[in-house]
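Read the structure below first, then the notes.
Values quoted throughout were computed directly from the atomic coordinates according to the rules given, and no laboratory measurement underlies them. Predicted model only: the values in this text are computed from it and were never measured. With ideal geometry, Cβ positions are generated from the backbone for all residues, glycine too; neighbour counts draw on all protein chains shown.
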Amino acid sequence: MDKTMHAIEVENLTKIYGKGETAVTAIADATFQVKPGELVAILGPSGSGKTTLLTSIGLINEPTHGKVVIDGTTVADEGWLPGIDLKRLRREKLGFIFQHHNLIPFLTALENVMVALEINNLPKNEAKNRATELLAALNLGHRLTNYPMALSGGEAQRVAIARALANKPKVILADEPTAALDTVNGKNVMALLKKLAVGNNSAILVVTHDHRMVEGFDRIFHVSDGRIADETNNLGEE
Ligand SMILES: Nc1ncnc2c1ncn2[C@@H]1O[C@H](COP(=O)(O)OP(=O)(O)OP(=O)(O)O)[C@@H](O)[C@H]1O
Ligand SMILES: [Mg+2]
């Protein structure tokens, strides 16, 4: 494998919703690369295009223009590449974490994580071992048999992190993962997320409104009206 390969490559990415007079350009001509293991925070006001950026990279939202390459596979070039298996790529290469945990309510914490592994064909006993280990690493060893309803917000969000990271995805996309938590829990969840991502050499893009959460990130992207300024590059130019 090419050692210089980026986890994410985006070239002139543009996402326009709608057509004609009501068209909204949510992402305008974004170009950047993210390396494996890099932690990138995305800051910006409401409506600036942060979620659109994540979903356009995350194989959920078809880019209108430009190129998206995930772990060396070109997925979009002026729209989805013909014949691309979006579902499989999402399952194998990406991990998603949202503001609300989206856990399956009738499965326990352990089962919620096991599902993510079994869907990628890991045998049940191996899935169980790996899910148990992962939950223990997230300080949830004592919550394996709890249902989501019986977990605190911070606990549920840590289960969601375990689920998203279970397959060691090359790319983790998190949209305000700490927004529903208080500061202490939020910082705790963010620290665990960073530690596991770095351990797996996963690239991570985290959208956050909260400046206190970006401590220890390698780069910060500021999004404003669909345009992305990379603070790291700006610092380099000074
Ligand atoms: N499905 C959609 N159809 C039409 N316009 C959309 C759609 N999704 C988002 N938009 C518009 O695109 C722009 C960017 O929205 P986006 O959700 O990416 O912003 P955001 O930065 O994530 O905001 P927030 O911080 O409120 O979550 C906004 O003007 C929004 O109204
Ligand atoms: Mg958003």
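Overview of results
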| read-out | value |
| --- | --- |
| Cross-link pairs beyond the 29 Å C-alpha cut-off, checked among LYS15/LYS170; LYS67/LYS187; LYS50/LYS187 | LYS67/LYS187 |
| Column: log10 I(q)/I(0), Debye, Cα scatterers of segment 1-59, q = 0.14 Å⁻¹ | -0.47 |
| Percent of alpha-carbon pairs separated by more than 13 Å within segment 168-210 | 52 |
| Spatial extent of segment 107-238: Rg and Dmax, with the Cα atoms as the point set, Å | 16.3, 54 |
| Volume of the Cα convex hull of segment 47-129, divided per residue and given in Å³ | 122 |
| Helix 109-118 vs. the chain, principal-axis angle (Cα, 0 to 90°, nearest 10) | 60 |
| Where labels lie 7 Å past Cα in the beta-carbon direction, separation of LYS35 and GLU231 in nm | 1.9 |
| Two-site label geometry, ALA180 and LEU89: point separation in nm, points 7 Å out along Cα→Cβ | 2.9 |
| Dipole magnitude of segment 1-141 about its Cα centre (Cβ charges: Lys, Arg +1; Asp, Glu -1), debye to nearest 20 | 300 |
| Reachable lysines, given that their alpha-carbon falls under 22 Å from the alpha-carbon of LYS124 and they are not under 8 places away in the same chain | LYS87, LYS93, LYS168 |
| Whole-angstrom Cα spans of segment 1-153 along principal axes, big to small | 52, 38, 28 |
| Pairwise label distance in nanometres, GLU215 with GLU78, each label 7 Å out on the Cα-Cβ vector | 4.8 |
| Calculated [θ] (222 nm, deg cm²/dmol) that DSSP helices of n ≥ 4 give over the chain, each run adding -39,500 (n - 2.57) | -10000 deg cm²/dmol |
| Net charge dipole size for segment 150-189 [Lys, Arg +1 and Asp, Glu -1 on Cβ; Debye, nearest 20] | 280 |
| Linear extension gain, MET149 paired with LYS187, 0.36 nm per residue minus alpha-carbon span | 11.4 nm |
